């Protein structure tokens, strides 16, 4: 086998390995929708948002309730790097503790809220992105 042929074989193997690594690290392992995707998107569409901090254990607990659907929730990070205080957005909003949910009517709830509580407050259905008829 000539050096040129060996070089081509090694080049093809290298490209296949690199492509495999890119696929492995950059393609999500689970691309199925999250359990609450529609609900979380409805929350954002309704104007609800959660203020929190990356170091806050209750915020982490709240995020875990949403699982993979958390990415659709309007989340405002309040902490400065190294937990060195609160950013201007949260200061101006008067946020004093985490997590704090703010709803479109201006009402707020501090602390972890269960999914059904958020649903009742916003009118967003847990099962679909449609709004619950509050007259029933």
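Key figures for this structure:
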{"quantity": "Condition broken by residue 76, with the remaining ones in (1) at pLDDT 95 or above; (2) not in a strand (DSSP E or B) satisfied", "calculated": "(2)"}
{"quantity": "Selection within region 59-86 - over 19 Å from residue 47 (Cα atoms) and either in contact (Cβ under 8 Å) with a residue 60 or more places away in the chain or surrounded by fewer than 17 Cβ atoms within 10 Å (Cβ to Cβ) (or both)", "calculated": "60, 61, 64, 65, 67, 68, 80, 81, 82, 83, 84, 85"}
{"quantity": "Selected residue (only one of 92, 82 is part of a helix (DSSP H, G or I), modelled with pLDDT of 95 or more and more than 27 Å from residue 33 (Cβ to Cβ))", "calculated": "92"}
{"quantity": "Checklist (1) closer than 16 Å to residue 61 by Cβ; (2) in contact with a helix residue (DSSP H, G or I) (Cβ under 7 Å, 6 or more places away or on another chain) applied to residue 110, failing item", "calculated": "(2)"}
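The values are calculated or read from the model by the stated rules, or taken from the named source; none is laboratory data. Because the structure is a prediction, the values reported are computed rather than measured. Neighbour counts are summed over all protein chains in view; Cβ atoms, including those assigned to glycine, are modelled from backbone coordinates with ideal geometry.
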